[in-house]
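Written below as structure tokens is the structure these notes are about.
Only the coordinates and a few stated rules stand behind these numbers; no lab work does. Since this is a predicted model, take the numbers as computed values, not measurements. Neighbour counts are summed over all protein chains in view; Cβ atoms, including those assigned to glycine, are modelled from backbone coordinates with ideal geometry.
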């Protein structure tokens, strides 16, 4: 198997990075204070295996009980735990297409079968996603989805879950940039698991912290599968401080919303089709010109966006919402590129892959 | 399945913790400076997926090339990655008995069969450990072993690996407290993988960082199985600073050695059998009195040691090497306990389990 290939993370040089959906703004200042305190408290002891300090605070914010929360080393760890818990070799894991390619990689690592159900043209999911199927053990539903940034309403998600014969993980990595969440559905259907990430909306991609919300009997089973000490003391302290600062989150959201609107409108003005985004990125396709050369020429000018090409679906550019200054610089370069007679079509060796980042 | 149960980690109250093999001394002061710098550099970006800064520095220290190193979120993550990479459902994972119980848990999570080979009475492993067997896919060899603290010589390990039909992971979590390591064997036999932990000898249990050393073609395969960003920016920075400070390590080792000798001699003086330890703990059994009540009464006096009971093998106390002050306090309480006419034998509900911690 090929393994999952994450987005480019240049470790040197100055790029405008609009390719991996990180937050363009620094996290809450409370995070660095909390980390400082955690370091002073010492690192010689093992961390709390279940991160109770985080669970207590997150439970208050989310309106659930602490024992409805399981913490992970990034939401990738959460997805891994859930896959290992439910899907055996030769069994099936269902996911929409196109979506986060890691889901398929996780199925492959597990020796399981990834059953991809194509989105409808309006980015909804029809009956095929909720149909029963032999050996179907788990469904993954990214909501908002990547690369499209589109969302399925809680009513529709509940209807899917009610019909599915297996647990449904609703991956809400981007939900803080959306108008609604499915977290309240967890109480309504014990098969629904909601996962969250601190990487995007809380600006903590470097800290690795994610969590899921599920009914306590589910949490108890999943805990057996995770590494005992999957979250370190510093990540627990930082994530707790971050989720405690909801004022910071609200301000950050608003800034992202404002810039997302600029980015969406600007791309449409330049002739791109842009899916209505409920995330911190926009998915741009073009009916009359190839987009891969645009990605390449932007990269040559040290602006990274994500080029994605889905077999039997099509390709496009997934552009993260940056600061207004980054967006200005991006549009300045893009406008110049597009005004040239034609953008060179190069045969790239890069086979860009989809991904959350 | 039951899931792995780690050692007690009381989150409140003051205990003398001699139960989970943490280092009694604070890590190198370079660690907190490096963490501070990493926080200042920012947490909004994803970390380096392969932790090159750590690999570069560790390679120099260990005398290998950077591409011989794979980093993990603690060495539990390393063990999980290797298990998932090599062992499929219904296949076999071989391990000595008694040893680190997590190995068996990992096999169970994978739907695999844990094939336990008993140690000889002198804690060596005979021919049965290296015999071929249908569907045998991986061997785990903790060296030094837990709970015994004993070690198998590199010559004997190489002989085992040469005969085994599958990869052999030599788990060197405690090797910095031993007289020799198997790291040089990796170049001699491509089936040998050596794993290391920063939790014990570098005093960083709270940071979660481990790594393995293997030949590059093996690393390449294992990288496909790990979570893309399994190590966070702060852990990478802290672990790099720690491994860079070999002076700190040498001083720390020496202190542990000195106290381990005191602990070993003292326990023998009190009538215990103590295995010759090459780790930062000692394994104590007693031929004429039950040890579980001793564990319980020590705990009642806020001193935690690890009581372990292995079916068909026997039980004992695994006592971590603490500071000299902790060791004084431990002996003071223990001596008083033992001088009582008899220690009460209580039927404990706790079924203490083995474990690294």
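With everything on Cα atoms, drop me the angle between helix B:154-163 and the longest principal axis of chain B, reported from 0 to 90° to the nearest 10.
Taking the Cα atoms of chain B, the angle to B:154-163 is about 60 degrees.
Sticking with the crude label model, points 7 Å out along Cα→Cβ, report the distance from residue B:116 to residue B:179 in nm, one decimal please.
3.0 nm
Axis carrying B onto A: which residue of B has the nearest Cβ, and how far, whole Å?
Taking Cβ atoms only, the nearest residue and its distance are B:89, 2.
Along Cα-to-Cβ, 7 Å out, sits the label point; list in nm, shortest first, how far the one on residue B:61 is from those in the other copies.
Distances between equivalent label points, in nm: 3.4.
On the principal axes of its Cα set, how long, how wide and how thick is the protein assembly as shown? Give whole Å, largest value first.
Answer, in whole Å and largest first: 90, 53, 52 Å.
So what does the Cα-only Debye profile of the range A:83-199 read at q = 0.12, 0.14, 0.17 Å⁻¹, as log10 I(q)/I(0), no solvent term?
Debye intensities relative to I(0), on a log10 scale: -0.37, -0.51, -0.78.
I need the inter-copy label distances for residue B:247: point set 7 Å along Cα to C-beta, values in nm with one decimal, smallest first.
Reported distances to equivalent positions: 4.5 nm.
Treat chain A as a sphere of radius equal to its Kirkwood radius over Cα pairs and apply Stokes-Einstein at 10 °C in a medium of 1.306 mPa s; give the translational diffusion coefficient in µm²/s, rounded to a whole number. Could you put the intermediate results ahead of the total?
Values: Rh = 21.0 Å.
The diffusion coefficient I find is 76 µm²/s.
Could you tell me the largest-minus-smallest coordinate of the C-alpha atoms of the range A:178-298 on each of the three principal axes, in descending order and whole angstroms?
Extents along the principal axes: 52, 32, 29 Å.
Does anyone have the angle between helix B:52-62 and the longest principal axis of chain B? Alpha-carbon axes, 0 to 90°, nearest 10?
That works out to roughly 60 degrees.
Apply 1/(1 + (r/R0)^6) to the Cβ-Cβ distance of residue A:155 and residue B:224, taking R0 = 51 Å, and write down the FRET efficiency to the nearest 0.05. Display every interim value, and only then the final one.
On the way: r = 39 Å, r/R0 = 0.76.
The calculated FRET efficiency here is 0.85.
Shielding of A:86-95 by partners, i.e. mean partner chain Cβ atoms within 10 Å per residue?
Counting Cβ atoms of other protein chains within 10 Å of each residue's Cβ and averaging gives 1.
Assuming R0 = 51 Å, what is the FRET efficiency of residue A:254 and residue A:67, from their Cβ-Cβ distance, to the nearest 0.05? Don't jump to the answer; show the numbers that get you there.
Working: r = 33 Å, r/R0 = 0.64.
E between residue A:254 and residue A:67, to the nearest 0.05, is 0.95.
Hey, can you rank A:234-244, B:44-54 by average C-beta count inside 10 Å, highest first? Before the final figure, lay out each step's value.
Numbers: A:234-244: 25.9, B:44-54: 21.3.
Packing proxy ranking, top to bottom: A:234-244, B:44-54.
Normalised by the residues of the range A:1-140, what does the relative contact order come to in percent, with Cα pairs under 8 Å and at least six apart? Before the final figure, lay out each step's value.
On the way: 116 pairs, mean separation 27.3, N = 140.
Relative contact order comes out at 20 percent.
Starting from the Cα of residue B:268, step 7 Å along the direction of its Cβ; do the same at residue A:163; then give the gap between the two resulting points in nm.
7.3 nm
Please average, across the residues of A:194-206, the number of beta carbons from any other chain that are within 10 Å of each residue's own beta carbon, and give a whole number.
Details: counts 0, 0, 0, 0, 1, 5, 1, 0, 2, 4, 4, 9, 16.
Rounded to a whole number, the mean comes out at 3.
What number, rounded to the nearest 500 deg cm²/dmol, is the helix-based mean residue ellipticity at 222 nm of chain B, given -39500 (n - 2.57) per DSSP H run of at least four residues and division by all its residues?
Numbers: 10 runs with 123 residues, N = 357.
After summing the helix terms and dividing by residue count, I get -11000 deg cm²/dmol.
Taking all pairs of different Cα atoms in the range B:4-100, averaging 1/r and flipping that mean, what Kirkwood radius in angstroms comes out?
Values: mean 1/r = 0.0566 Å⁻¹.
With all distinct Cα pairs of the range B:4-100 included, I get 17.7 Å.
List, shortest first and in nm to one decimal, how far the label point of residue A:313 (7 Å from Cα along Cα→Cβ) is from its counterparts in the other copies.
The projected label point of residue A:313 is separated from its counterparts by 4.9 nm.
How long are the three semi-axes of the equivalent ellipsoid for the range A:51-96, computed from the Cα gyration tensor as the root of 5 times each eigenvalue, in whole Å, largest first? Don't jump to the answer; show the numbers that get you there.
Values: eigenvalues 147, 23, 17 Å².
Working from the Cα gyration tensor, I get semi-axes of 27, 11, 9 Å.
Hey, what did the range B:102-255 get for relative contact order, percent, Cα under 8 Å, at least 6 apart?
On the way: 182 pairs, mean separation 23.5, N = 154.
Relative CO of the range B:102-255 lands at 15 percent.
Highest first, please rank the peptides B:146-155, B:184-193 by the mean number of other Cβ atoms sitting within 10 Å of their residues.
Values: B:146-155: 21.5, B:184-193: 18.8.
Result, highest mean Cβ count within 10 Å first: B:146-155, B:184-193.
How shielded is A:31-44 by partner chains, expressed as the average number of their Cβ atoms within 10 Å of its Cβ atoms?
Working: counts 2, 5, 1, 0, 6, 4, 0, 3, 11, 1, 1, 7, 19, 15.
Other-chain Cβ atoms within 10 Å of each residue's Cβ, averaged: 5.
How high is the relative contact order of the range B:1-76, in percent, with contacts defined as C-alpha pairs under 8 Å that are six or more residues apart?
Details: 20 pairs, mean separation 12.5, N = 76.
With pairs under 8 Å counted, the relative contact order is 16 percent.
Between the helical axis of B:75-86 and the dominant principal axis of chain B, each derived from Cα atoms, what acute angle in degrees is found, rounded to the nearest 10?
Value to nearest ten degrees: 60.
Of the peptides A:308-318, A:84-94, A:276-286, A:115-125, how do they stack up when ordered by the mean number of other Cβ atoms within 10 Å, highest first? Walk me through the intermediate numbers first.
Numbers: A:308-318: 17.5, A:84-94: 19.5, A:276-286: 23.4, A:115-125: 14.5.
Result, highest mean first: A:276-286, A:84-94, A:308-318, A:115-125.
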